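Take a look at the structure set out below.
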Amino acid sequence: MSFDQIRSFVPPVRTLMGPGPSDVHPRVLSAMARPTIGHLDPVFVSMMDEIKTLLQYAFQTKNDLTIPVSAPGSAGMETCFVNLVEPGDKVVICVNGVFGGRMKENVERYGGVPVMVEQEWGRAVDPQRLEDALKAQRDAKIVAFVHAETSTGAQSDAKTLAEIAHRAGCLVIADTVTSLGGSPLKVDEWKLDAVYSGSQKCLSCTPGLSPVTFSSHAVEKIKARKTKVSSWFLDLNLVMGYWGGAVKRAYHHTAPINPLYGLHEALVMLAEEGLENSWERHARNHRALRAGIEAMGLSFLVPESERLPQLNAIRTPDGIDEAAVRGKLLSQFNLEIGAGLGALAGKVWRIGLMGYASNIKNIVFCLGAVESALVQAGARIQPGKAVQAALEVSGAR
Ligand SMILES: *Cc1c(COP(=O)(O)O)cnc(C)c1O
């Protein structure tokens, strides 16, 4: 590529129905194009306070320490682990997919001792396994799990897992990157202590921000630490000097001003729709997609009762080059769906119905496009039925 050929970057208009990022709402994009102001400007600071209030609503919590970390979901994960895990702390981690595995990496890097509770991929975490593990690990301090495993499409029972953890005297770290806004999540009622999420999944915002919330028990553990938090950037004691309540805001880092406008707009839209209505919309659209997928003769990886409505893992048909099908969807239809990750690579497609992208127009488009690509690839599926089945279930017909 020669330097003088490079021009402005103009991306194609795609429909994003993979595991994230999902389609960003035009209102969010236009909010982000508003003028940049200073990160200590009083007008900006009052918008930050609104973001905190809106995030408390989205997480269903009264936690004071509820903020967006200035980096993607993975940084929210690091924020939880680096602040809560002290050297030598035993952390029991439930793993049923890719993201649970990353929790182990975090615990090890911060000097903790991970104990893994393994679960077959494509299933929810079995609460009994956690209970058994905690009986054998009486000195465990923290239990961590992924509420919505985006790598497999399985949803775990966060409330029950948290109850078991608390009975054993542990704090709870929960990954809610894909659940926030898309399926029921009640941080206070379920007593989750340290929770992280992401902006680019069911909130329909751009990637790069990670909402987090911490209970008073979690804050106590952080304040009682004997060692310094080993990340300067993610040390909540310092971050709170900027995001904190009554005290005067101090410079810590320059907040990503325009992305925060976008998050604010996305959260305003969530409040306008109503959280429960958003959960219901995601559930309804899952049912419509499911009807279409099953009418084609394809099947789901995860049993219905453990399935995430916003992330649908569908078994790829035998004898088909699944990567070629995804390539065709992208080149012919500007449609992105997700590939399988890790142990599920080549075995499933992941169709996201997240946030703004969770609507009947996208479902009809996706089913038609997948069907067409599969027929062209010579798959033995039943054409002509999927769209009709989805419309029947959605009530749109
Ligand atoms: C997407 C995702 C993450 C990571 O978020 P990034 O914004 O990509 O860093 C973590 N956990 C789960 C369950 C996710 O789906």
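Rule-based calculations on the coordinates, nothing more; no lab input. Bear in mind that the values here come from a model prediction, so they are computed numbers and not experimental data. Quick reminder, even Gly has a Cβ in these numbers, built from the backbone with ideal geometry, and neighbours come from all protein chains shown.
What to note about this one:
- Between helix 158-167 and the chain: long-axis angle, C-alpha atoms, 0 to 90°, nearest 10: 30
- Placing unit charges on the Cβ atoms of the charged side chains and taking the dipole of the stretch 26-271 about its Cα centre, the candidate lying farthest along the positive direction among 113, 156, 185 is 113.
- Flagged links, alpha-carbon separation over 21 Å, of 90/186; 141/223; 186/248: 90/186; 186/248
- Label-to-label distance, nm, for residues given as residue 41 and residue 271 (7 Å Cα→Cβ offset): 2.0
- Förster-model FRET efficiency, 45 Å R0, residue 29 and residue 380, C-beta, rounded to 0.05: 0.65
- Compared with the dominant principal axis of the Cα atoms in the chain, helix 275-295 is inclined by about 30°.
- Extension gain, residue 64 to residue 299: 0.36 nm times the residue separation minus the Cα-Cα distance gives 80.3 nm.
- Simple spin-label estimate for residue 14 and residue 136 in nanometres, 7 Å along Cα-Cβ: 4.2
- Cα gyration tensor category, rounded, prolate or oblate, for the chain with a/c compared to 1.5: oblate
- Label separation (residue 334 vs residue 105): 3.4 nm, computed from points 7 Å beyond Cα along the C-beta direction.
- Across 120, 108, 86, mean-square fluctuation computed from a Gaussian network of the chain (C-alpha pairs under 10 Å connected) peaks at 120.
- 0 to 90° range, to nearest 10: angle between helix 127-136 axis and the chain longest Cα axis: 40
- Neighbours of residue 344, meaning other residues whose beta-carbon lies under 10 angstrom from its beta-carbon, give a summed charge of +3 when Lys and Arg score +1 and Asp and Glu score -1.
- Using a Förster distance of 45 Å, the FRET efficiency for residue 160-residue 223 (Cβ separation, nearest 0.05): 0.95
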